[in-house]
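The values are calculated or read from the model by the stated rules, or taken from the named source; none is laboratory data. Owing to the predicted nature of the structure, the values given are computational and were not obtained by experimental measurement. All Cβ positions, even for glycine, are placed from backbone atoms using ideal geometry, and neighbour counts span all protein chains on display. We work out accessible area using only protein heavy atoms, side chains counted, and drop any ligands, DNA or RNA first. Shrake-Rupley method; radii C 1.70, N 1.55, O 1.52, S 1.80 Å.
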Amino acid sequence: ADMTWKEAEARFKAGAVVVVPIGAASKEHGPHLPLDTDYRTATELGRRVAARLPVVVAPVIGFGFYPAFTGYAGSQHLTAATFQALVRELLGNLIDHGVTRIAILNTGVSTEKPLREVLSTIAGARIAQIDMRLLGRDADRLLQQQGGGHADERETSVLLAIAPEAVRMDRAPGQAQGDALSPEGITGNPSLATRAKGEAILDAT
């Protein structure tokens, strides 16, 4: 987004891979993390990839298919069909501009299946779907929580590394019971999060 169109055109013609991050701009993450946690994470992952590889990073797609969170105030949600249409059109724009290789960097879980479905229908470019849930697992040896998966020790640690000022650790709940979202909107134990764990997870990712 900080390039001119001429600069973008030159990179596209040179065959650059375009990374398209996907991360919710407004989705609940417990009482201790901001609604834009996924957006911040997607932005930072894109920045770190661009610092290591000669890629172009597209603006984050901030809205997607997140049905589990619709009951929490502030959470924004698209139907699967609307999300797929959005992705299809945005990637189509890139392909029309000469992009031939695209890497989708997906921070969601419920977005994985609709992404696979829509990407299989798009022609004109090689497209890889990369799901953050499957990355950086070597660093999970640092985690102490039982279970987890949302607004938990892992995700809270990552945000502590990215934007510590946005994390309200004094409001972080202890261990949630079971695998389902707690009434507070978490699984796992965010109170165990640290910035050092977050840096290790980001580096491993």
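Taking the DSSP beta bridges with both ends in the chain, the antiparallel portion is around 5 percent. Springs between Cα atoms under 10 Å define the GNM used for the chain, and in it the highest mean-square fluctuation of Asp38, Asp152, Asp140 occurs at Asp140.
Would you mind classifying the range 34-109 by shape? Square roots of the alpha carbon gyration tensor eigenvalues, ordered a ≥ b ≥ c; an a/c under 1.5 is rounded, otherwise it is prolate if a/b is larger than b/c and oblate if not. Oblate is the answer for the range 34-109, as a/c is 1.5 or above yet b/c matches or exceeds a/b. What is the sum of charges, Lys and Arg at +1 and Asp and Glu at -1, for the other residues whose Cβ falls under 14 Å from the Cβ of Thr70? Summing Lys and Arg as +1 and Asp and Glu as -1 gives 0.
Distance from the C-alpha centroid of the range 39-93 to that of the range 120-154: 14 Å, rounded to the whole angstrom.
Under conditions of 37 °C and 0.692 mPa s, the range 83-141 yields 266 µm² s⁻¹ as its translational diffusion coefficient, taking Rh as the Kirkwood radius over Cα pairs in the Stokes-Einstein equation. For the range 131-205, the solvent-accessible area with a 1.4 angstrom probe is 50 square angstrom per residue.
When only alpha carbons of the chain are considered, Rg and Dmax amount to 17.3, 53 Å. Note on His29: accessible area approximately 0 square angstrom, rounded to 10, probe 1.4 Å, nucleic acids and ligands left out. Each residue of the range 3-8 was assigned a 3J(HN,Hα) from its phi angle through the Karplus curve 6.51 cos²θ - 1.76 cosθ + 1.60 (θ = phi - 60°); the sequence is 7, 7, 5, 5, 5, 4 Hz, with glycine and proline shown as x. Within the accessible surface of the range 32-90, defined with a 1.4 Å probe on protein heavy atoms only, the carbon and sulfur portion equals 63 percent. Stretching the chain fully between Ala85 and Arg101 yields a gain of 3.8 nm (0.36 nm per residue, less the alpha carbon separation).
Let me know the whole percent of all Cα-Cα pairs from the range 95-205 that are separated by more than 18 Å. Kindly include the intermediate steps, with their values, before the conclusion.
Numbers: 3462 of 6105 pairs.
When all Cα pairs of the range 95-205 are counted, 57 percent exceed 18 Å.
Considering the range 163-205 at the alpha-carbon level, its Rg and Dmax are found to be 11.8, 32 Å.
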